[in-house]
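**Student:** This structure is in structure tokens; I'll ask about it shortly.
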Amino acid sequence: MTDTATAPAALVGVYAQPDLVLARGEGCWVWDEDGRRYLDFTAGIAVNALGHGSPVVASAIRSALETGLVHTSNLFPTRPVRELAQLLVELSFPGQVFFCNSGAEANEAALKFARRWAGSTGAEHKKEFVSFRGAFHGRLFGSLAATDREAYQAPFRPLMPGVHFTAVGDVAGVEALLARGSVAAVFIEPLQGEGGVNPVPGEFLRALRALCDRHGSLLAFDEIQCGLGRTGALFAHQHAGVIPDVMTLAKPLAGGLPMGAVVVSEAVGSALRPGDHGTTFGGGPLVASVALAVVRAISDPVFLEGVRARADHLVQRLSTLPGRVPGVKEVRGMGLLQGVVVEEQAASIVSRARELGLLVVSAGPKVVRLIPPLTVSFDELDLGLELLERSLAGAEGDS
């Protein structure tokens with residue numbers, strides 16, 4: 001096994017990486033430089049929704065490159081970004097779209113847009129935000145302030161002030177915060193990913209919509225990890241029948257190329273003016289062309305029906321683990337984003353699974369997260385679950 005991945009000095013040490021170097025991928029599989037293959041149930045942390053080496057992504061890249069326009073900046077418009085914005089609005093809710101380069105950037109922009117909207121309505125005093133226990137919205141100063149992870153926040157304080165946390169399901173707590181009259185927006189993931197794979201009940205999302213309407217605050221959904229087909233609906237909030245004022249997207253949006261997006265209602269969009277925000281690279285013609293192809297593929301009703309069928313199969317198999325496999329306490333999630341709650345440290349199970357040829361990722365200290373590509377086959381799901389069960393039982397060896 002090569003030791004390139006752990007070589008010191010050249011890379012900043014902000015990631016604890018295993019002693020392997022990935023060299024190629026195809027579908028739901030990746031290979032390291034030593035030729036060993038792994039079944040990938042991380043999908044680049046929900047990025048590679050169409051799998052590795054997707055023909056959809058490859059074709060879109062080739063076509064975009066033929067134009068010669070890789071980058072133009074936002075000084076000039078291009079057709080791909082306009083068509084992508086129109087498609088996202090048609091698929092979600094009436095409004096406008098801002099494109100950037102990542103999920104954290106999308107959430108930073110959303111925080112700014114919420115304050116700008118509040119000021120445009122004559123409520124300049126509304127500068128605060130509500131977030132939730134278990135939330136993860138990013139690692140920049142605004143998005144980190146809205147992230148419920150003490151270990152992430154502590155080394156970097158002071159963060160952006162004015163973020164208040166309460167528990168998911170605490171309707172009275174949210175109402176008490178909104179009644180103060182200083183909250184610009186409530187931010188929530190319809191399905192928490194990094195915080196432990198916690199589905200937010202639909203009735204709570206509907207209660208938030210009513211509370212925000214009553215108190216004149218925006219409702220913002222962070223769908224960076226759970227959006228774009230991952231739950232079996234195009235957007236996770238659609239299961240609850242709730243329309244937000246702001247929605248952030250990223251991870252799978254451009255098939256592995258860096259792209260984030262903020263979809264805002266017409267009211268929020270009308271409050272924004274030239275110079276209020278910007279990005280050099282966001283919404284470039286190459287990445288927008290790829291995102292356009294990816295969104296068209298994922299939003300196809302037949303494709304989403306296939307995701308739901310795979311998810312049903314996965315959930316049915318996972319549901320047998322608690323009570324049958326020692327150390328498994330609970331399984332929870334939505335669609336093809338599932339979490340296995342365990343008694344031991346999730347990192348140990350992740351490591352054993354990798355030795356068996358399965359790539360999974362943790363979601364906090366006690367949850368093993370499964371995020372396969374949306375194109376995963378039923379046979380690959382079965383093999384992945386077999387390897388997972390062996391890793392849960394403490395088995396080690398080659399697959």
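**Student:** Of all the helices (runs of 4 or more DSSP H) wholly in segment 66-166, which have at least 2 residues that are surrounded by 15 or more Cβ atoms within 10 Å (Cβ to Cβ) and of a type in the set (S, T, N, Q)?
**Tutor:** Values: elements: 79-91, 103-120, 141-145, 150-153.
In segment 66-166, 103-120 are the helices (runs of 4 or more DSSP H) which contain 2 or more residues that are surrounded by 15 or more Cβ atoms within 10 Å (Cβ to Cβ) and of a type in the set (S, T, N, Q).
**Student:** Let me ask another. Looking for whichever is within 23 Å of the chain's Cα centre (by Cα) and on the phi > 0 side of the Ramachandran plot here; the options are 85, 43, 58. Which one fits?
**Tutor:** Working: 85 fails: on the phi > 0 side of the Ramachandran plot; 58 fails: on the phi > 0 side of the Ramachandran plot.
Exactly one of 85, 43, 58 is within 23 Å of the chain's Cα centre (by Cα) and on the phi > 0 side of the Ramachandran plot, namely 43.
**Student:** Would you check if residue 89 is outside the structural domain of residue 144 (by TED's automatic domain parsing), modelled with pLDDT of 95 or more, farther than 17 Å from residue 257 by Cα and among the β-branched types (Val, Ile, Thr)?
**Tutor:** no
**Student:** Mind listing whichever residues of segment 258-294 are in contact with a helix residue (DSSP H, G or I) (Cβ under 6 Å, 6 or more places away or on another chain) and in a helix (DSSP H, G or I)?
**Tutor:** 268, 271, 285, 286, 288, 289, 290, 291, 292, 293
**Student:** Any idea which of (1) outside the structural domain of residue 385 (by TED's automatic domain parsing); (2) free of Cβ contacts under 8 Å to residues at least 60 places away in the same chain; (3) buried (at least 17 other Cβ atoms within 10 Å of the Cβ) is the one residue 275 doesn't satisfy?
**Tutor:** All conditions are met except number (3).
**Student:** Here's a follow-up. Using the structure shown, decide if residue 220 is surrounded by fewer than 21 Cβ atoms within 10 Å (Cβ to Cβ), outside the structural domain of residue 366 (by TED's automatic domain parsing) and among the hydrophobic types (A, V, I, L, M, F, W, C). Step through it out loud before you land on a result.
**Tutor:** On the way: surrounded by fewer than 21 Cβ atoms within 10 Å (Cβ to Cβ): no; outside the structural domain of residue 366 (by TED's automatic domain parsing): yes; among the hydrophobic types (A, V, I, L, M, F, W, C): yes.
No.
**Student:** (1) among the polar types (S, T, N, Q); (2) part of a strand (DSSP E or B); (3) over 28 Å from residue 303 (Cβ atoms): which one isn't true of residue 351, the others all being true?
**Tutor:** (2)
**Student:** For residue 386, work out the one condition from (1) buried (at least 19 other Cβ atoms within 10 Å of the Cβ); (2) out of contact with any strand residue (DSSP E or B) (no Cβ under 8 Å at 6 or more places or on another chain) it doesn't fulfil.
**Tutor:** (1)
**Student:** Could you give every pair whose Cβ atoms fall below 6 Å, whose first residue belongs to segment 25-48 and is under 15 Å from residue 256 (Cα atoms), and whose second residue is part of a helix (DSSP H, G or I), counting only separations of at least 6 or pairs across chains?
**Tutor:** Note: pairs meeting the criteria are 28/380.
**Student:** In addition: Could you please tell me which pairs satisfy a Cβ distance under 7 Å, a separation of 6+ or placement on different chains, a first residue in segment 167-195 that is of a type in the set (Asp, Glu), and a second residue that is outside any loop (DSSP other than H, G, I, E, B)?
**Tutor:** Sorted first by the residue in segment 167-195, then by its partner, the pairs are 175/211; 189/222.
The values are calculated or read from the model by the stated rules, or taken from the named source; none is laboratory data. Model, not experiment: these values are computed from the prediction. We place every Cβ from the backbone using ideal geometry, glycine too, and count neighbours over all the protein chains shown.
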